[in-house]
Amino acid sequence: MQATFFRYMAISAAALLSGVLAGCSPTPEQAALKLVRRLGGSVTAASGTNGIVRVDLAHTAVTDDDLARLARAGGGAAGPLGRLVEFDLTHTCITDRGIESLTAFPLLRKLSLTLTQVTDAGIAPLAALEQLSELYLIETQLTDAAVEPLSRLRHLQTLVLLRTALSDAGIASLRRSLPQVTIQIEPAAARSRRSRP
């Protein structure tokens with residue numbers, strides 16, 4: 001009889017626990033993770049901590065509105081994405097409007113906006129990312145008008161501008177403004193072939 005009582009108590013406790021857990025709201029980190037996965041992406045968490053340090057949304061249909069939703073769900077220093085240091089938005093639907101949302105991730109160090117619709121006008125908000133050291137803007141719509149806002153990114157160490165419309169003069173000006181930065185571009189001959197009609 002005592003064995004039956006303990007079995008009954010164990011079943012009751014399990015039922016109670018599952019009922020409590022079913023009614024629990026997800027943690028902010030779980031909600032951010034769920035949103036990233038729903039958008040087709042993945043995350044990497046830092047070992048030994050609860051923080052998400054990398055979000056990969058490359059080659060997804062992520063839009064400016066999705067990025068704003070993600071910033072609201074997990075951005076800011078205290079948010080579940082507050083420790084985010086790497087964000088891959090390669091080949092997404094991000095435009096200039098979405099760039100402002102990236103300021104919600106203050107510790108961001110590596111950012112890829114390759115193959116997005118970002119233009120010269122969208123670069124300025126990136127200056128708020130004081131930890132940003134690597135920026136990939138391959139095959140974006142940048143021209144020499146991007147030199148001035150890019151020059152404000154004083155913490156950069158690597159800037160990749162392959163297949164953009166920056167001229168030799170624009171790149172030279174950028175190199176003078178950011179002498180500590182390794183700026184990767186394709187050879188001048190390749191740029192001039194691409195700019196021909």
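The values are calculated or read from the model by the stated rules, or taken from the named source; none is laboratory data. None of these values were measured; they are calculated from a predicted model. Backbone-built Cβ (ideal geometry, glycine too); neighbour counts: all protein chains shown.
List of remarks:
- Residues within segment 55-68 that are more than 11 Å from Phe105 (Cβ to Cβ) and surrounded by 15 or more Cβ atoms within 10 Å (Cβ to Cβ), tallied: 9
- Scanning segment 99-114 turns up at least one residue that is of a type in the set (Ser, Thr, Tyr), outside any loop (DSSP other than H, G, I, E, B) and surrounded by 21 or more Cβ atoms within 10 Å (Cβ to Cβ).
- The strands (runs of 3 or more DSSP E) located wholly in segment 21-98 include none with 3 or more residues which are in contact (Cβ under 8 Å) with a residue 24 or more places away in the chain and basic (Lys, Arg).
- Selection status of Leu156, at pLDDT 95 or above, within 17 Å of Thr90 (Cα to Cα) and not small (Gly, Ala, Ser): no
- Filtering segment 181-190 to residues that are assigned to a loop (DSSP other than H, G, I, E, B) and at pLDDT 95 or above leaves only Val181.
- Any pair with Cβ under 8 angstrom, 6 or more apart, that starts in segment 159-176 at a residue that is on the phi > 0 side of the Ramachandran plot and ends at one that is assigned to a loop (DSSP other than H, G, I, E, B): Arg163/Ile138; Arg163/Glu139; Arg163/Glu186
- Residue match in segment 170-180 (condition: crowded, with 16+ Cβ neighbours inside 10 Å, assigned to a loop (DSSP other than H, G, I, E, B) and at pLDDT 95 or above): yes
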